[in-house]
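Take a look at the structure set out below.
The values are calculated or read from the model by the stated rules, or taken from the named source; none is laboratory data. All of these numbers come straight from a predicted model, not from anything done at the bench. Quick reminder, even Gly has a Cβ in these numbers, built from the backbone with ideal geometry, and neighbours come from all protein chains shown. When the accessible area is computed, the model is the full protein with side chains, heavy atoms only, and any ligands, DNA or RNA have been set aside. Shrake-Rupley method; radii C 1.70, N 1.55, O 1.52, S 1.80 Å.
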Amino acid sequence: MLPKQLTRHKSDFALSPTSPPRKMELSAIMSPANYPEKSCSYSQAITLTYRRQIVQSRKLKYVRKASPSLKLPPVITDCDNAEVIGARECKGKEWIHFVGVGGCGLSALAMLALKQGYKVSGSDMMWSDAMDALREAGARVYIGHSELNLRKNNGLVPDSLVVSSAIRGGNVEILHAESVGIPVYKRGAWLGRITKGYNLIAVSGSHGKTTTASMLAFVLNAMGDDLTAVIGARVPQLAERNIICGTGCNFVLEADEYDCCFLGVTPQIAVVTNVDWEHVDMFQDEEAVKTIFRKFIGQIRVGGHLILCGDSPVACSLVNKTGSGSALPVLRNDAFQISTYGISSCNDWHAVSISPNSCGGSDYQLFHKGLHIADISLQMPGVHNVLNSLAVIATISALSTDQKNFLSSIASLKLHLQNFEGVSRRFERIGTVRGCHIYDDYAHHPTEIQATIQAARQRFPFQKLVVIFQPHTYSRLAALKDDFAIAFTNADRVVITEIYEARETNLWKINGRDLAISIVDPPSEFIPSLIQVLEMLVVHISKDPDHETVILTLGSGDITSVGRKLLTELQHRLL
């Protein structure tokens with residue numbers, strides 16, 4: 001049973017459009033979810049455990065110490081017939097191999113395993129910076145997949161295989177592991193395994209979960225909580241960049257809906273920043289997305305807490321409502337408590353008087369149920385980051401043993417929110433040369449693009465804004481082309497590149513030119529290759545280097561390289 005202190009308590013972007021659900025033919029979609037899973041591997045891997053790690057006594061309790069500075073209650077969970085796994089139990093005992101280790105999701109899990117004392121190896125088809133960090137930390141990493149990666153000279157094989165959602169069926173390492181009886185875990189199942197015994201705070205949402213989870217982990221860590229955290233992106237202010245390896249009771253997790261990954265965990269606190277049709281290669285329409293999010297919040301532990309963006313109608317539709325009228329209906333659930341946040345005063349936590357500040361970020365007044373609590377200042381621009389910070393505040397309040405304890409720590413919380421600098425590739429400043437300011441962002445969905453451009457306009461209200469966008473996957477552009485066409489309205493000029501194909505083949509016969517033609521305002525053009533884009537920008541900026549211009553590169557593919565190459569070339573030419 002969870003302590004009474006916890007059971008007593010009850011999106012980063014613009015609201016999801018309320019237009020009728022859009023659909024695609026599933027037969028035209030290629031995704032990891034559509035590849036068959038052998039019943040002897042993935043489906044059974046969730047339950048496969050090592051007997052030496054199973055707690056035999058039905059009376060044994062698993063206890064972690066809480067942070068004294070936050071006065072969070074200790075988490076005590078029954079371990080009846082459950083597997084408890086952590087650094088104490090497995091240090092030096094297990095060898096774990098990660099298939100697809102170069103990606104942001106698995107590289108974080110591999111680094112955490114290393115820090116917790118596991119022996120770690122991994123493989124991927126292409127080298128990445130994350131693999132450099134893993135190798136430096138002591139992991140054995142390989143280019144290419146081979147059964148030789150699973151063997152040592154002494155004949156030992158890995159104790160477990162953890163597989164990225166991007167790995168397709170028939171992978172040689174998976175097949176070999178199955179043939180010799182090595183348990184194979186998909187990412188979601190592995191997350192469920194390693195988060196048992198913790199007070200899990202799972203941050204989910206179609207947009208904003210990375211920044212929200214990063215901000216939450218940074219603030220809690222700075223406030224003295226010895227937490228563990230796994231983030232799906234690089235956070236420059238964290239010592240290990242994408243993880244925190246602590247010994248306390250709290251575990252902050254960026255919970256991803258892709259491949260239904262977040263269904264592998266059972267959170268004590270779940271955050272839902274918003275719900276939108278994002279992964280069109282995975283979900284047929286918005287209703288399918290809502291269904292999977294309902295399943296996720298249905299896994300919140302009894303007596304737990306849901307932190308929900310009340311400004312998002314789609315997110316609010318996930319739970320029961322009582323009441324009617326113009327005011328926000330009361331959201332309720334008998335199994336867990338609900339707190340809402342947003343700009344609207346109908347939310348439990350809401351922001352008032354949002355305004356730009358001298359740091360280029362946002363200031364606002366924080367209210368809780370009509371009462372002014374504090375004045376908050378952020379370094380990061382954009383209304384979406386105000387929402388992210390509200391989610392963090394609401395979550396830390398839910399973690400506190402009582403409201404008085406939370407209010408006594410508000411000054412510390414304010415300071416660390418203000419000190420948070422953000423996440424790599426989220427309106428990341430690359431550099432400035434003369435009058436040219438270069439920024440890069442991961443935005444690859446219309447909602448994200450609108451939010452990022454709004455943030456850029458907040459920081460640079462009068463400068464010329466040139467947006468370079470690389471569409472990501474054919475399926476997403478085909479499904480959302482009309483939404484993309486109106487997402488760039490607040491830019492001065494738009495350049496569309498060819499589509500970054502990622503994991504797909506072009507079954508839709510669509511290209512970047514189709515999007516460029518569909519953008520009515522602002523002026524747009526199609527320049528297929530990134531090399532051509534770079535050459536155009538260098539020539540354009542060099543003609544009038546002191547003219548105030550903001551170059552914003554957007555997309556989740558390899559467009560991230562353009563900003564740094566542009567910076568280097570302009571420095572060489574103009575300085």
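Which condition number in (1) of a type in the set (Ser, Thr, Tyr); (2) farther than 19 Å from Ala398 by Cα; (3) out of contact with any Ser or Thr (no Cβ under 8 Å at 6 or more places or on another chain) is the one that Thr340 fails?
(2)
Of (1) more than 29 Å from Asp440 (Cα to Cα); (2) among the aromatic types (Phe, Trp, Tyr); (3) open to solvent by 10 Å² or more (accessible area, probe 1.4 Å), Phe427 satisfies all except one. Which?
Single failed check for Phe427: (1).
Which one of these is under 26 Å from the mean Cα position of the chain (by Cα) and more than 19 Å from Gly435 (Cβ to Cβ): Thr553, Thr497? Spell out how you get there, then give the answer.
Numbers: Thr553 fails: more than 19 Å from Gly435 (Cβ to Cβ).
Of Thr553, Thr497, the one residue that is under 26 Å from the mean Cα position of the chain (by Cα) and more than 19 Å from Gly435 (Cβ to Cβ) is Thr497.
Kindly provide the set of residues from segment 452-492 that are closer than 19 Å to Asn506 by Cβ and of a type outside the set (D, E, K, R), ordered by number.
Passing the criteria: Phe469, Gln470, Pro471, His472, Thr473, Tyr474, Ser475, Leu477, Ala478, Ala479, Leu480, Phe484.
Looking at segment 332-374, which of the residues that are of a type in the set (D, E, K, R) and farther than 25 Å from Arg426 by Cβ is least open to solvent (accessible area, probe 1.4 Å)?
Going through the qualifying residues, I end up with Asp348.
Quick check, is Val562 touching a His at 6+ places or on another chain (Cβ under 6 Å), under 21 Å from Asp441 (Cβ atoms) and either buried (at least 20 other Cβ atoms within 10 Å of the Cβ) or modelled with pLDDT of 95 or more (or both)?
When the stated conditions are applied, Val562 does not pass them.
Inside segment 104-127, can you point out the residues that are in a loop (DSSP other than H, G, I, E, B) and open to solvent by 30 Å² or more (accessible area, probe 1.4 Å)?
Scanning segment 104-127 gives Met125, Met126, Trp127.
Of everything in segment 395-440, what is hydrophobic (A, V, I, L, M, F, W, C) and assigned to a strand (DSSP E or B)? Give them in sequence order.
Residues satisfying the conditions are Ile430, Val433, Cys436, Ile438.
Hey, could you check segment 85-103 for residues that are surrounded by fewer than 17 Cβ atoms within 10 Å (Cβ to Cβ) and part of a loop (DSSP other than H, G, I, E, B) and say which is modelled with the highest pLDDT?
Selected residue: Lys93.
Give segment 148-205 a look and list any residue that's touching a strand residue (DSSP E or B) at 6+ places or on another chain (Cβ under 8 Å) and closer than 22 Å to Thr395 by Cβ, or say none.
If the condition is that a residue be touching a strand residue (DSSP E or B) at 6+ places or on another chain (Cβ under 8 Å) and closer than 22 Å to Thr395 by Cβ, then Leu191, Thr195, Lys196, Gly197, Tyr198, Asn199, Leu200, Ile201, Ala202, Val203, Ser204, Gly205 are the ones that fit.
Only strands (runs of 3 or more DSSP E) wholly contained in segment 150-268 count here; list those with 1 or more residues that are more than 20 Å from the chain's Cα centre (by Cα) and of a type outside the set (D, E, K, R).
Values: elements: 160-163, 184-186, 199-204, 228-230, 250-254.
Passing ranges, in order: 160-163, 184-186.
For residues in segment 166-187 being open to solvent by 10 Å² or more (accessible area, probe 1.4 Å) and under 23 Å from Glu240 (Cβ atoms), which is modelled with the lowest pLDDT?
This residue is Ala166.
Could you check, for segment 431-445, whether at least one of its residues is hydroxyl-bearing (Ser, Thr, Tyr), within 20 Å of Asp544 (Cα to Cα) and out of contact with any Ser or Thr (no Cβ under 9 Å at 6 or more places or on another chain)?
Taking segment 431-445 first, the residues hydroxyl-bearing (Ser, Thr, Tyr) are 432, 439, 442.
Adding the requirement that they be within 20 Å of Asp544 (Cα to Cα) leaves 432, 439.
From what is left, the residues that are out of contact with any Ser or Thr (no Cβ under 9 Å at 6 or more places or on another chain) are 432.
Checked against the condition, which is being hydroxyl-bearing (Ser, Thr, Tyr), within 20 Å of Asp544 (Cα to Cα) and out of contact with any Ser or Thr (no Cβ under 9 Å at 6 or more places or on another chain), segment 431-445 yields at least one hit.
Can you find a residue in segment 375-388 that is open to solvent by less than 30 Å² (accessible area, probe 1.4 Å), under 21 Å from the mean Cα position of the chain (by Cα), under 21 Å from Leu200 (Cα atoms) and modelled with pLDDT of 95 or more?
Yes, segment 375-388 contains a residue that is open to solvent by less than 30 Å² (accessible area, probe 1.4 Å), under 21 Å from the mean Cα position of the chain (by Cα), under 21 Å from Leu200 (Cα atoms) and modelled with pLDDT of 95 or more.
Hey, Ala491 hits all of (1) under 30 Å from Leu575 (Cβ atoms); (2) of a type outside the set (S, T, N, Q); (3) open to solvent by 40 Å² or more (accessible area, probe 1.4 Å) but one; which does it fall short on?
The one condition Ala491 does not meet is (3).
Residues of segment 553-575 being touching a strand residue (DSSP E or B) at 6+ places or on another chain (Cβ under 7 Å), closer than 22 Å to Glu428 by Cα and part of a helix (DSSP H, G or I), which ones?
The answer is Thr560, Val562, Gly563, Arg564, Leu566, Leu567, Leu570, Gln571.
Restricting to segment 210-260, and then to whatever is polar (S, T, N, Q) and farther than 15 Å from Gln116 by Cβ, can you tell me which residue is most open to solvent (accessible area, probe 1.4 Å)? So that I can check it myself, show each step before the final result.
Step one: list which residues in segment 210-260 are polar (S, T, N, Q), which gives 210-212, 214, 221, 228, 237, 242, 247, 250.
Right, trim to farther than 15 Å from Gln116 by Cβ and you get 210-212, 214, 221, 237, 250.
Numbers: Thr210: 14, Thr211: 11, Thr212: 3, Ser214: 0, Asn221: 74, Gln237: 57, Asn250: 1 Å².
Only one residue tops the list, namely Asn221.
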